[in-house]
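The next block holds one structure in the form of structure tokens; read it before the comments.
The values are calculated or read from the model by the stated rules, or taken from the named source; none is laboratory data. Given the structure is predicted, the values throughout are model-derived calculations rather than measurements. Every residue, glycine as well, gets a Cβ built from its backbone with ideal geometry; the counts of neighbours run over all protein chains shown.
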Amino acid sequence: MFQGLDVGLSTIYFLLFGAATAACALGVLCSRHPLNATICLIGTMLAISGIYALLASPFLGVVQVLVYAGAIMMLVVFVIMVLNRARDHEVPRIENWSYAVLLVPLLLFITFVHTLTALPAETLKSDPGSLRGDIAPIAKSMFDVNQGHGYWLLFECIGVLLLVAVVGAVLLAKRSLDTPVEMLTVGEEAHDSH
Amino acid sequence: MTPIEPLHVQLLAALIFSIGLAVVLTRRNIFFVLMGIELMLNAVNLSFVGFSRTFSGEMSLTGQITPLFTIAIAAAEACVGLAMVICITRVKDTVDSDAFSGMRE
């Protein structure tokens, strides 16, 4: 989709998406209410999916929008609204001594930058032979057992993990395990008295 | 094919990871902690895709398949994490992460 872009245009797009990503991430750090932070986080996800498309992995960008910006963030917004006691004036935003803790991510970022810029240039060189991540080559690389090991076993494990996570979340978030039985007996009593 | 420098992608990923770590370490609201973890996972995914551009052939696809699994793991993590937040908030009646320090009760 972005294959036809020339060098200057795609650099401009990368700068735009990168600035949007960084600004929205800073918005998560500085916002007062969790719902504002959620909107900022959705903006981060969308900008990162744009960068995926620029990096010739359109399938990953689509999955990012579908799963992250769609499903996961919808779940977060839903839980914040259900609990409805997410107001941050009850919980202090940043305590004074926490500003000292900000040194840790700052030092980590400086270390990252120092390490990345110290790498030899050919390690971080864009390879012209890298494949474009469309659906067909990704599916072939994941599931074709004839050409290599494939990832089908990992794929099945992820499916089982998601199933277990959903069952565990339902069991954790239910008010108590025998709630439906109580409701059932109440209903039966009401039915009998009627 | 892609004129974007992999170094710039890695720098952006490092910036997002640092911001996510700052959110996790400094904010006291438990929702912000969860969102910081999501930011850090996103940064690692971006780093994977950025590095996949420096390989050729099948290796470049491997760097794009790993984020798919990471996204699925993040979905499971958000699911269980939010259920635990609901569960503990019912008992403690607050979203302050300092109140979540006890292992009993």
(message) Which residue is farthest from B:THR54 (Cα to Cα), if the candidates are limited to region A:114-152 and must be β-branched (Val, Ile, Thr) and more than 27 Å from the chain's Cα centre (by Cα)?
(response) A:VAL145
(message) Is it the case, given these coordinates, that B:ASN42 is touching a strand residue (DSSP E or B) at 6+ places or on another chain (Cβ under 9 Å) and not acidic (Asp, Glu)?
(response) no
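Out of B:LEU12, B:LEU68, report the one residue that is within 22 Å of A:ALA20 (Cα to Cα) and either facing another protein chain (nearest Cβ under 7 Å) or of a type in the set (Asp, Glu) (or both).
Numbers: B:LEU68 fails: within 22 Å of A:ALA20 (Cα to Cα).
Being within 22 Å of A:ALA20 (Cα to Cα) and either facing another protein chain (nearest Cβ under 7 Å) or of a type in the set (Asp, Glu) (or both) holds for just one of B:LEU12, B:LEU68, which is B:LEU12.
Take the residues in region A:96-105 that are exposed (fewer than 13 other Cβ atoms within 10 Å of the Cβ) and either part of a helix (DSSP H, G or I) or at the interface with another protein chain (Cβ under 7 Å from one of its Cβ atoms) (or both), then tell me which one is modelled with the lowest pLDDT. Working first, answer last.
Applying the first criterion (exposed (fewer than 13 other Cβ atoms within 10 Å of the Cβ)) to region A:96-105 yields A:96-97, A:99-100, A:103.
Keeping just the survivors that are either part of a helix (DSSP H, G or I) or at the interface with another protein chain (Cβ under 7 Å from one of its Cβ atoms) (or both) gives A:99-100, A:103.
Numbers: A:TYR99: 81, A:ALA100: 86, A:LEU103: 91.
The selected residue is A:TYR99.
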(request) Of all residues in region B:13-57, count the ones that are closer than 22 Å to A:LYS140 by Cα, in contact with a Pro (Cβ under 9 Å, 6 or more places away or on another chain), surrounded by fewer than 22 Cβ atoms within 10 Å (Cβ to Cβ) and of a type outside the set (A, V, I, L, M, F, W, C). (result) 2
(request) List the number of the failed condition for B:PHE17; all other conditions in (1) closer than 19 Å to A:ILE51 by Cα; (2) within 7 Å of chain A (Cβ to nearest Cβ) hold. (result) (2)
(request) Could you check, for region A:63-85, whether at least one of its residues is surrounded by fewer than 23 Cβ atoms within 10 Å (Cβ to Cβ), at pLDDT below 95 and not in a helix (DSSP H, G or I)? (result) yes
(request) Test B:ARG90 against the criterion of being more than 7 Å from chain A (Cβ to nearest Cβ) and more than 18 Å from A:ALA53 (Cα to Cα), and give yes or no. (result) yes
(request) Any chance you could count how many residues in region A:109-136 are surrounded by fewer than 17 Cβ atoms within 10 Å (Cβ to Cβ) and part of a helix (DSSP H, G or I)? (result) 9
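Looking at B:VAL95, B:VAL24, which one is of a type in the set (Val, Ile, Thr) and more than 7 Å from chain A (Cβ to nearest Cβ)?
Working: B:VAL95 fails: more than 7 Å from chain A (Cβ to nearest Cβ).
Exactly one residue qualifies, and that residue is B:VAL24.
Looking only at region B:71-82, count every residue that is facing chain A (nearest Cβ under 7 Å), among the small types (Gly, Ala, Ser) and closer than 16 Å to B:MET35 by Cβ and tell me the total. Before you say what the answer is, go through the steps one by one.
Within region B:71-82, the first condition is being facing chain A (nearest Cβ under 7 Å), and the residues that meet it are B:71-72, B:74-76, B:78-80, B:82.
Going one step further and asking which of them are among the small types (Gly, Ala, Ser), we end up with B:72, B:74-76, B:78.
Okay, now just the ones that are also closer than 16 Å to B:MET35 by Cβ, so B:74-75, B:78.
Qualifying residue count for the region: 3.
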(message) For region B:37-48, give me each residue that is touching a residue at least 40 places away in the same chain (Cβ under 8 Å) and over 12 Å from B:THR70 (Cα atoms).
(response) B:ILE37
